[in-house]
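Working notes, beginning with the structure itself.
The values are calculated or read from the model by the stated rules, or taken from the named source; none is laboratory data. Here the structure is a predicted model, which is why all the values come from computation and not from measurement. Cβ atoms come from the backbone with ideal geometry, glycine included; neighbour counts cover every protein chain shown. The protein model used for the area step is the full one, side chains on, heavy atoms only, and it has no ligands, DNA or RNA in it. Shrake-Rupley method; radii C 1.70, N 1.55, O 1.52, S 1.80 Å.
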2 protein chains.
Amino acid sequence: MKSGLHFLIAARQCEIDELDQLARTSELVGVIGRLVHGLQRERGMSNVFLASRGSRFADQRDPQIAECLALEQEVRNGFDQLETETRQRASAGNSARLFSRIAWVLPGLDALPALRRRIGVLELGPAQSTAAFAKLIVGLLAVVFEAADGATDPEISRLLVAMFNFMQGKEFAGQERAFGAATLALGRSNEAQRVQWLHLIESQERCFHVFTDFSSEDVLALWRESESSATMAELERLRRVGTTLTAADAPYSQLSQNWFDCCTRRIDAMRTVEDRLAADLRALCGRKTAQARTELEAYRQLLGTLAPQSGGAMFFDDAGTQAVAPAPYGRVLERSVLDMVQEQSQRLQAMSDELETVRASLNERKVVERAKGLLMAHRRLSEDEAHKMLRQTAMNQKRRLVDVAESMLAMADYLPLPDARPPR
Amino acid sequence: MKSGLHFLIAARQCEIDELDQLARTSELVGVIGRLVHGLQRERGMSNVFLASRGSRFADQRDPQIAECLALEQEVRNGFDQLETETRQRASAGNSARLFSRIAWVLPGLDALPALRRRIGVLELGPAQSTAAFAKLIVGLLAVVFEAADGATDPEISRLLVAMFNFMQGKEFAGQERAFGAATLALGRSNEAQRVQWLHLIESQERCFHVFTDFSSEDVLALWRESESSATMAELERLRRVGTTLTAADAPYSQLSQNWFDCCTRRIDAMRTVEDRLAADLRALCGRKTAQARTELEAYRQLLGTLAPQSGGAMFFDDAGTQAVAPAPYGRVLERSVLDMVQEQSQRLQAMSDELETVRASLNERKVVERAKGLLMAHRRLSEDEAHKMLRQTAMNQKRRLVDVAESMLAMADYLPLPDARPPR
C-alpha cells in the first residue's frame, strides 16, 4: 500500500512528465515557426512569379522550395516523435486536440507538391496561390495555438502565448504585404480595400500587443531593435499612399516593388525575434525540468529515511488532539512531510490559477472559432466561408472580429435552424 | 511518416485513454462517497459516545469502525491502482493535483487508528473528535473535487460536479447535525451560534442548488423522494426551536436526541442519491468508452482502404484551386477524411467549450481556496486558521463565504506583507 509520500513523489513525477511533453511540443513549435517563415517567403515569391507570368523569381523559387521541403521534413519528424512518445508516456490533457490539429494540417503538406507543380506551369492565379498557402499556414498556426492552450506550466504557457501571437501577427504582416502589393500594382483602391487594409494593420497590432504583454524586457528590446526606424517610416508612408490612392493614379509598379521589399525587410527581421523566443522556450523548459528532477531526487531521499506510513501521527494535531509530550525526532520528519504536501498542493493550485489567467488571453480566438462553428452549423457554410462572412460583417460594421463573433454567440438562440434537407 | 488519418486515430485514442482514466477516477469517487458516509456515521457515534462518557453507542461503534476499515481498504486500493495505471498509460492533465490531494489525505487515514484508540479511552472531547473527522472528510472531498475539475469529458464532468456538490452538501448536513445536537443539549443559543447555524443551512442549500442544476430529472425525482415530508417538517421545526432558544430554557436532552435522529434519517436517505449518482457515473463512462471504441474501429477500417498520404489532393480545393474534372471514387474517400478531421476538431472544440462552462461552477470553491492561501501567506496562518478567519468574517458581516473571499482577493495588494523574520 502506497504512502502519502509516495503520492507526493508521484505528483512530482507527473509534473516532470508534463514538462517533458511541453519541451517536445515547444521544440516542435520552434520548427513550425521556421517552416511558416519559409512558406511565407515561398508564397511571396510564387505570387510575384505568377503575376509576372513566370518572368520574375523563377530562379529563386527552387532554392526556397528546397528549404521548405527540408523544414517540412523536420516538422513531420516532430509530429511523428510527439505521437510516439505521447503513446509511451503520460501525456498532457489536450493531446487529442493537438493531434486533431496535426491531422488537419498533414493533408495540406501532402498537397504542396501538386500546388507547386501547378504554380510552376502557371496554372493558378496569384490570388489562388496566396489563398492556398494562407490556408496551410492557418493550419500550422492552429497547432501552435493548441500547444499554447494545452501547456500546463504557466511560465512556459506565457512564452508559448507570446510566440503564437508573434507568429500570428507576422502572418497578418505577410498578408498585408501581399494585399498591399496587389493594390499598389493596380494603382487604385476603393473604400472596401481601404477598410480591409486597415483591418490587416489592426489585426497585426492586436497580436503584437498581446506578444508585448507576455514577453520579457530582453525580447522586447530585440523586437524594438528589429524594427528599424527607416523601414518603419517607409512602411507607414507606403501604407498612407496605398490607402489614399484615387482612381486617377496610374499603376505604380515601382511603388508596389518598394512596398514588397520594405515589408520583406520588416518580416525577415521578425525572424530574429522568433528565433529568440524559440531559444528562450528551450532554455526555460530545460531549466524547469532540471529543477523538478532535483526536487524529485530530494523527495526520494527523504522517502528512504522515513518509516512506511509516516506522516500520519501528526495529521490531527491542529484539530486540537495533540499529545503534550515534546515531539521526538521522527515526528519532526513527519511534520515536514505534511508541510511538503501542503506546499506542493498550494503551489499546484497557484500554478493552475496563473495558467487560467494566461489562457484567458487565448479566449479571443476561441470566441471567433465558436462563432464560425455556429455559422457553419446554422448556414451550412464551409469554415472558409464562415470566416469570410464574419470578417465581411466586421468590415462593414467597422467593428473588431471578436466583437462581431461575440454578438453572434449572444444571439445564437435567434438564428434560424438549418433546413431539414431530405436524406438522399 | 504518419498520415493525417493516423493522427485522426491518435486523437481518438487519446480520448479513449482519457475516458478510461475518467472511468477509474469515477469508480474511486463512488468508493470515497461510501467511506465518507461511513466516517460521518462514525463521527456521529463517537460524538455521542464521548459526550455520554462512554455509556452510549459503545456497542455500535465497533461494527461501524469495521465497516469504515473495509471501505478505507477499498479507497486505498483505488488510489494505488490509479497511480499504477496512470504511470503506465497516457494520463489526464491534472494527475499531479489529484495525486497531491491523495498525498494529503493518506496520512489522515494512517492516523485514524490512533484517533480511534484515544476516543475509545475517552481521551478526547466531542469537539476535538468531530474536528478530527471533519478534517479527514475535507481531505477526501478535495480528492473528489479534483476529479471533477480534471474531467475532460463535459457530460462526465457534469455528473462529477453534481456528485461533489451533493457530497459536500451532505457533509454540511452532517456538521449541522453535530452543531445542532450540541446546541440543543446545552439548552441555550446566543447570537453567534444562531448565525453559525444559519450559515450551515445556507451552505448546504447552495451545494444542493448546484447539484440540482447539474442533475437529470430521474436523479432529482429520487432526491425529492428521499426527503420525506415528515422528516423535513420535523427538521425545520427543530431548526426553529434550536435557533430561538433563550437562556431561560432548560437543557433539552430529549430534543437533542430527536434532532440527532431526524438528521440521521435524512442523511442516511441521501445515501440512495449518492449510490444512484455513482451508478449513473459508471454507466455513462461505460457508454462513452464503448462508443469511442466503435468509432475508432471505423476509422481504422477506413485507414485500411486508403492509400498512404491520401486526403492531400483535396486540401486546397476550397481555396479555389480545384481541377474541373469530376471527382473519382478515391477523391470522394479523401474528401471524407478531411470532413472527418474537421468534424473531430469541431467536436473537440465544442467539448472544451462545454467543459469550461461546467467547470465555472467549481470556481466558487477555488476563490475561497485562493483567499485562504493569501491569508496563510500574509498572516502566517495554518489552513484551518485561515478558514476559520474567513468564516468568522463572513458570519460577522452576514455575507457569503465566497463574497468575503472575493473582496479579500480584490484587496490583495493592500494586505500587509508578512514580517521578514530573521533566519534562525
In the stretch A:1-18, the residues that are of a type in the set (A, V, I, L, M) and in a helix (DSSP H, G or I): A:Leu5, A:Leu8, A:Ile9, A:Ala10, A:Ala11, A:Ile16
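Go through the stretch A:396-411 residue by residue and tally those that are in a helix (DSSP H, G or I) and closer than 23 Å to A:Ser361 by Cα. Please lay out each step first, then the result.
At the first step, the residues of the stretch A:396-411 found to be in a helix (DSSP H, G or I) are A:396-397, A:401-410.
Subset that is closer than 23 Å to A:Ser361 by Cα: A:401-410.
Number satisfying all stated conditions: 10.
Look through B:Val195, B:Val210, B:Val241 and report the one residue that is among the β-branched types (Val, Ile, Thr), within 24 Å of B:Arg276 (Cβ to Cβ) and touching a residue at least 24 places away in the same chain (Cβ under 8 Å). If you could, list the steps in order and put the result at the bottom.
Working: B:Val195 fails: within 24 Å of B:Arg276 (Cβ to Cβ); B:Val241 fails: within 24 Å of B:Arg276 (Cβ to Cβ).
Matching residue, one of B:Val195, B:Val210, B:Val241: B:Val210.
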Test for B:Ala66: is it of a type in the set (A, V, I, L, M), at the interface with another protein chain (Cβ under 7 Å from one of its Cβ atoms) and free of Cβ contacts under 8 Å to residues at least 24 places away in the same chain: no
Checklist (1) touching a helix residue (DSSP H, G or I) at 6+ places or on another chain (Cβ under 8 Å); (2) more than 11 Å from chain A (Cβ to nearest Cβ); (3) open to solvent by 40 Å² or more (accessible area, probe 1.4 Å) applied to B:Gln346, failing item: (2)
Inter-residue pairs, beta-carbon under 8 Å, first modelled with pLDDT of 70 or more and in the stretch A:332-343, second outside any helix (DSSP H, G or I), 6+ apart: A:Val337/A:Leu306; A:Val337/A:Ser310; A:Val337/A:Gly311; A:Leu338/A:Gly311; A:Leu338/A:Phe315; A:Val341/A:Gly311
Unique residue being more than 9 Å from chain B (Cβ to nearest Cβ), in a helix (DSSP H, G or I) and open to solvent by 10 Å² or more (accessible area, probe 1.4 Å) when the list is A:Val138, A:Val161, A:Val144: A:Val138
Unmet criterion (only one of (1) in contact with a Phe, Trp or Tyr (Cβ under 8 Å, 6 or more places away or on another chain); (2) under 21 Å from A:Thr272 (Cβ atoms)) for A:Phe179: (2)
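Kindly indicate whether B:Ile201 is touching a residue at least 60 places away in the same chain (Cβ under 8 Å) and either crowded, with 19+ Cβ neighbours inside 10 Å or within 21 Å of the chain's Cα centre (by Cα) (or both). Give the steps one after another, and end with the answer.
On the way: touching a residue at least 60 places away in the same chain (Cβ under 8 Å): no; either crowded, with 19+ Cβ neighbours inside 10 Å or within 21 Å of the chain's Cα centre (by Cα) (or both): yes.
No.
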Every residue from the stretch A:107-119 that is more than 9 Å from chain B (Cβ to nearest Cβ) and crowded, with 17+ Cβ neighbours inside 10 Å: A:Arg116, A:Ile119
B:Ala178 vs. criteria within 27 Å of B:Leu390 (Cα to Cα), loosely packed, with under 14 Cβ neighbours inside 10 Å and among the hydrophobic types (A, V, I, L, M, F, W, C): no
Breaking point among (1) at pLDDT 90 or above; (2) open to solvent by less than 30 Å² (accessible area, probe 1.4 Å), for B:Glu217: (2)
Those residues of the stretch A:286-296 which are open to solvent by 60 Å² or more (accessible area, probe 1.4 Å) and more than 10 Å from A:Arg12 (Cβ to Cβ), in sequence order: A:Arg287, A:Gln291, A:Thr294
Filter result for the condition that a residue is more than 14 Å from chain A (Cβ to nearest Cβ) and assigned to a helix (DSSP H, G or I), over B:Gln73, B:Gln21, B:Gln40: B:Gln40
Matching residues, the stretch A:250-281, being farther than 17 Å from A:Glu176 by Cβ, open to solvent by less than 20 Å² (accessible area, probe 1.4 Å) and not small (Gly, Ala, Ser): A:Val273, A:Glu274, A:Leu277, A:Leu281
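Considering only residues that are among the charged types (D, E, K, R), open to solvent by 20 Å² or more (accessible area, probe 1.4 Å) and touching a residue at least 24 places away in the same chain (Cβ under 8 Å), which ones fall in the stretch A:73-90? Spell out the reasoning first.
Of the residues in the stretch A:73-90, the ones among the charged types (D, E, K, R) are A:74, A:76, A:80, A:83, A:85, A:87, A:89.
Retained after the next criterion (residues that are open to solvent by 20 Å² or more (accessible area, probe 1.4 Å)): A:74, A:80, A:85, A:87, A:89.
The answer is A:Glu74, A:Glu85, A:Arg89.
Looking at the stretch A:195-214, can you tell me whether even one residue there is assigned to a helix (DSSP H, G or I), over 30 Å from A:Glu385 (Cα atoms) and in the same structural domain as A:Phe260 (by TED's automatic domain parsing)? So that I can check it myself, show each step before the final result.
From the stretch A:195-214, those assigned to a helix (DSSP H, G or I) are A:195-213; that's our starting set.
Checking which are over 30 Å from A:Glu385 (Cα atoms) leaves us with A:212-213.
Retained after the next criterion (residues that are in the same structural domain as A:Phe260 (by TED's automatic domain parsing)): A:212-213.
Among the residues of the stretch A:195-214, at least one is assigned to a helix (DSSP H, G or I), over 30 Å from A:Glu385 (Cα atoms) and in the same structural domain as A:Phe260 (by TED's automatic domain parsing), which makes the answer yes.
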Search result, residues across the stretch A:120-133 that are small (Gly, Ala, Ser), open to solvent by 10 Å² or more (accessible area, probe 1.4 Å) and either at the interface with chain B (Cβ under 8 Å from one of its Cβ atoms) or in contact with a Leu (Cβ under 8 Å, 6 or more places away or on another chain) (or both): A:Gly125, A:Ala127, A:Ala131
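Restricting attention to the stretch B:43-62, and to residues there that are open to solvent by 80 Å² or more (accessible area, probe 1.4 Å) and not hydroxyl-bearing (Ser, Thr, Tyr), which single residue is farthest from the other protein chains (Cβ to nearest Cβ)? If you could, list the steps in order and put the result at the bottom.
Pass one, the stretch B:43-62, residues open to solvent by 80 Å² or more (accessible area, probe 1.4 Å): B:53, B:55-56, B:59-60, B:62.
Going one step further and asking which of them are not hydroxyl-bearing (Ser, Thr, Tyr), we end up with B:53, B:56, B:59-60, B:62.
On the way: B:Arg53: 18, B:Arg56: 21, B:Asp59: 24, B:Gln60: 22, B:Asp62: 21 Å.
Checked the stretch B:43-62; the qualifying residue farthest from the other protein chains (Cβ to nearest Cβ) is B:Asp59.
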